[in-house]
Amino acid sequence: MDSAKKSLVIDADAHVVECARTWEFMDKSEQQHRPVPLETREEAGVRQQFWVIDGKVRGFRFPAFSDDELAKRQEQVGRKFADQQESREMGNVNLRLDYMNQTDVDVQVLHNTMFIESCAERPAVDVALCKSWNRWLADIWKQSDNRLRWSCMPPLLSMTDALDQIRWSKENGAVAVCLRPVEGNRLLADPYFYPVYDLAQQLDLAIAIHIANGNAWLSDLYNHPTRIAATLHRFRVPTVASFNDILLSEIHEQFPKLRFGFIEASAQWVPWVMHEAKNRFKTMGRKMPANLLKEYGMFVTCENSDDIPYIVREAGEDSLVIGTDYGHTDISSDADAIKIFRQRADLTPAVKEKILSDNSRALYAL
């Protein structure tokens, strides 16, 4: 692919769904940490799925739907989900590439599914899981003719190993380091993460903050009988809060070339947070840059349900990207999101080009 000759259409938020093959890349000495799949019997076309890791149910896994139930849910929400298991789980990389060809997508940036929730309490387990996952993604990248890029999972319970994995991942197709908005008992403005930020800046890697919650207590709090309502608090609200934390922190002074992508939280909230930031900058006696998001290297994935002209007017056109959430079946998922975005009549061709291509290239250094 000669990226200099044409504009690259980039799906900034696609996924892999972990499966048995994910853990085939573990070292022999780490096999005792291999996750074990667990699922319930099918009821009403749905099987609940879980991972058992280190003796406990951990990590995030979507329910499995029968073909009829998946079709029913697609019709109900009016969005297309990825309906081929081999494509979701990357058992057949060519299937994923075929779908990208059908929708005229040049590059997908792949993020995890399981690590949306906390997966480990012990450093040895964290290292084993992240290392195998990164090797799996590198293997996928090698099969894709450079079209499937990915965000590295650093085992943050061991900073030395985390930095080693970031270096290795950069050499094997990664374009970002994936962090959760809350990592254990730390927020992302915590200096604990400065070694990660420093290395990411050196290697020209983005920090991808995907909707997630790495605090087991908080995640359990929101996983109660009213969890449908609490999902907003569980994953999306922490992502919005981390955007605000980083915006107001000293991180941009410490690491002026570092870029952040806030993934899968929609973008309707961006003008509100920027309005809040404007007032808080004044309170702190700081001057707010005219093009705040561009100057601070902060990007946000938008969705077709967002009022994108309003967001562009209030927050600028240089920081929005778009993704399909390919592989998932949640509120953000639409395998045809980019195709639908192209058909929008409320945005100029120049703004569409930025969101489909230029901004993602800037975020991921593609």
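The values are calculated or read from the model by the stated rules, or taken from the named source; none is laboratory data. This is a predicted model, so every value here is computed, not measured. Using ideal geometry, Cβ is built from the backbone for each residue, glycine included, and neighbour counts are taken over all protein chains shown.
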For S242, the lone unmet condition from (1) more than 28 Å from D126 (Cβ to Cβ); (2) at pLDDT 90 or above; (3) among the small types (G, A, S) is (1)
Output for Cβ contacts, cut-off 8 Å, separation at least six or different chains, first residue farther than 16 Å from I251 by Cβ in segment 286-307, second at pLDDT below 90 and not small (G, A, S), reads K287/F281; E303/D334; N304/D334
(1) within 19 Å of the chain's Cα centre (by Cα); (2) surrounded by fewer than 18 Cβ atoms within 10 Å (Cβ to Cβ) all hold for A212 apart from (2)
Selection over segment 13-44 where residues are buried (at least 16 other Cβ atoms within 10 Å of the Cβ) and touching a strand residue (DSSP E or B) at 6+ places or on another chain (Cβ under 6 Å) yields a count of 5
Filtering segment 192-207 down to residues that are free of Cβ contacts under 8 Å to residues at least 40 places away in the same chain and either crowded, with 22+ Cβ neighbours inside 10 Å or in contact with a helix residue (DSSP H, G or I) (Cβ under 7 Å, 6 or more places away or on another chain) (or both) yields F193, P195, L199, L203
Here the qualifying pairs (Cβ atoms under 7 Å; residues six or more apart or on different chains; first in segment 46-71 and under 21 Å from Q85 (Cβ atoms); second at pLDDT below 65 and in a strand (DSSP E or B)) come out as V46/F65; R47/A64; Q49/A64
Going through segment 2-59 in order, the residues found to be part of a loop (DSSP other than H, G, I, E, B) and of a type in the set (G, A, S) are S3, A4, S7, A44, G45, G55, G59
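Would you point out which residue out of F235, F262 is under 25 Å from H15 (Cα atoms) and modelled with pLDDT of 95 or more?
Testing whether each residue is under 25 Å from H15 (Cα atoms) and modelled with pLDDT of 95 or more leaves just F262.
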**Prompt:** Is at least one residue of segment 285-298 within 30 Å of Q343 (Cα to Cα), of a type in the set (F, W, Y) and surrounded by 13 or more Cβ atoms within 10 Å (Cβ to Cβ)?
**Reply:** no
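If you take the residues of segment 346-366 that are among the polar types (S, T, N, Q) and assigned to a helix (DSSP H, G or I), which of them is surrounded by the most Cβ atoms within 10 Å (Cβ to Cβ)? Full working, then the answer.
Step one: filter segment 346-366 for residues among the polar types (S, T, N, Q), giving 348, 357, 359-360.
Narrowing the set further to residues that are assigned to a helix (DSSP H, G or I) leaves 357, 359-360.
Details: S357: 19, N359: 24, S360: 28.
Among those residues, the one meeting the criterion is S360.
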Result of the Cβ filter at 6 Å on segment 248-277, keeping first residues that are free of Cβ contacts under 8 Å to residues at least 12 places away in the same chain and crowded, with 19+ Cβ neighbours inside 10 Å and partners that are assigned to a strand (DSSP E or B) and not charged (D, E, K, R), at least 6 apart or interchain, is none
